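For reference, the structure is listed below as structure tokens.
The values are calculated or read from the model by the stated rules, or taken from the named source; none is laboratory data. Keep in mind the model is a prediction, meaning the values are calculated, not measured. FYI the Cβ positions are ideal-geometry reconstructions off the backbone, even for glycines, and counts take in every protein chain you see.
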Amino acid sequence: MRFKDVIGQEELKGRLAESVAAGRVSHAQLFTGMPGAGALPLAVAYAQYLNCRHRHDGDSCGECPDCRQIADLAHPDLHLVFPVNKQGKKSGEIVASDAFLPLFRELFSRSGGYFSPQEWYDALDLGKTLRGAISAREADEIIRKLSFKSYEAEYKIVLVWLPETMSEEASNKILKILEEPWDKTVFLLVSEAPDRLLRTIVSRTQEVAVPRIETEVLEALAASEERDPVRRHNLARLAGGDYLVLRRLLAGEDDELTSECFALFCSLMRLSYNDKHLELVGWAEEVAQLSREQQRMFLRHAARLLRESYMLHAGLGDISYLWGEEADFCSKFAPFIGNENVETILDEIERAMRQIQQNGNPTIVFTHFALSVSKQIRRR
């Protein structure tokens, strides 16, 4: 994968290329950002650029043997580690990344590197509750692989996708490697929740923050599938800098779920206004039945609707991107959102998002969330 294959992020690509040209290659780098922003494909493109034999014009050549092998995630000096698991695993059985490399390569190739953890878990057929993890055995395997000489590339590269899923034992073993790195060895950690990593690991890495994709870039991408310029612009803005969301919006895959999220938001705010505590507990139990990815999507929709309602309250309706039922509801709801409660409610949304990412009990998470939101709405 070349830099040119990564959507947007032109400034960041330039900085990465310049750092290599200047000889500033940190032995441990932490790429942070949501999957739809492109942190994973950017890390792979950077790995390819590092080992390309004929770099030019700020990008890898894409033709040399190293480039071709890294593009296929099949280079002997590129070691991939990612969360894995399987249904019906026996007690004491160890599952490791290498056993699932063909599946990971296939998903990466098919999606261009843009896929969510949930899509990966679906590919593993883990069901609604089972999640992947990176075990201590994986860390032992990394140490074993790095003890060998490089096969043909200048750098040995270890790319760890979702390091926040490492067990405590695995984290401590990785930390030891980062403290005493091998020469010409580069660790690329790709995380969407860096706050869940050991602080000592974060402190030993150079962060590469991957921002949301610019709306203009997403709008240009949508042009091939959506001819109406107004709708195209609205979809790009609704995607919120996330290519995965844009892809679902263009395909209409989010229509039903978006309607469900909107209905849950309306129900939460109405119950909160009327101080219906028992009904709020029932609401929380309903949300708890959704998959983790659906719960996170609801929280993202809630944050968007809350911000749009606040804009209406502030008299900024001209730049609001609401229509239909959403516009009708939020225009009536707007008087209940103001300076004194909008930040607090958004904080509650972010807290719930973190707890869901950390596999918190969804019934407990959403019960606390609903009751907390209710207090803020009633304050008005």
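If the condition is being in contact (Cβ under 8 Å) with a residue 40 or more places away in the chain and over 21 Å from the mean Cα position of the chain (by Cα), then region 80-94 contributes 86, 87, 94.
Any residue at all in region 22-42 that's over 18 Å from the mean Cα position of the chain (by Cα), part of a helix (DSSP H, G or I) and surrounded by 17 or more Cβ atoms within 10 Å (Cβ to Cβ)? Spell out the reasoning first.
Of the residues in region 22-42, the ones over 18 Å from the mean Cα position of the chain (by Cα) are 22-28.
Within this subset, residues satisfying the condition of being part of a helix (DSSP H, G or I) are none.
Within region 22-42 (the criterion being over 18 Å from the mean Cα position of the chain (by Cα), part of a helix (DSSP H, G or I) and surrounded by 17 or more Cβ atoms within 10 Å (Cβ to Cβ)), the answer is no, since none of the residues qualifies.
Here residue 245 does not qualify as assigned by TED's automatic domain parsing to the domain that holds residue 26 and either crowded, with 16+ Cβ neighbours inside 10 Å or closer than 22 Å to residue 9 by Cβ (or both). Can you pull out every residue in region 219-238 that is free of Cβ contacts under 8 Å to residues at least 60 places away in the same chain and crowded, with 16+ Cβ neighbours inside 10 Å? If the condition is that a residue be free of Cβ contacts under 8 Å to residues at least 60 places away in the same chain and crowded, with 16+ Cβ neighbours inside 10 Å, then 219, 222, 226, 232, 233, 235, 236 are the ones that fit. Among residues of region 335-364 that are in contact (Cβ under 8 Å) with a residue 24 or more places away in the chain, those with a Cβ under 7 angstrom from a residue that is surrounded by 15 or more Cβ atoms within 10 Å (Cβ to Cβ) and assigned to a loop (DSSP other than H, G, I, E, B), sequence gap 6+ or separate chain, pair up as 357/193; 359/131. Per the conditions (1) part of a helix (DSSP H, G or I); (2) farther than 24 Å from residue 192 by Cβ, the sole criterion not satisfied by residue 338 is (1).
Against the test of being modelled with pLDDT of 95 or more and in contact with a strand residue (DSSP E or B) (Cβ under 9 Å, 6 or more places away or on another chain), the options 84, 44 yield a single qualifying residue, 44.
Scan region 145-183 for residues that are part of a helix (DSSP H, G or I), in contact with a strand residue (DSSP E or B) (Cβ under 8 Å, 6 or more places away or on another chain) and among the basic types (Lys, Arg) and jot them down. The one that is part of a helix (DSSP H, G or I), in contact with a strand residue (DSSP E or B) (Cβ under 8 Å, 6 or more places away or on another chain) and among the basic types (Lys, Arg): 145.
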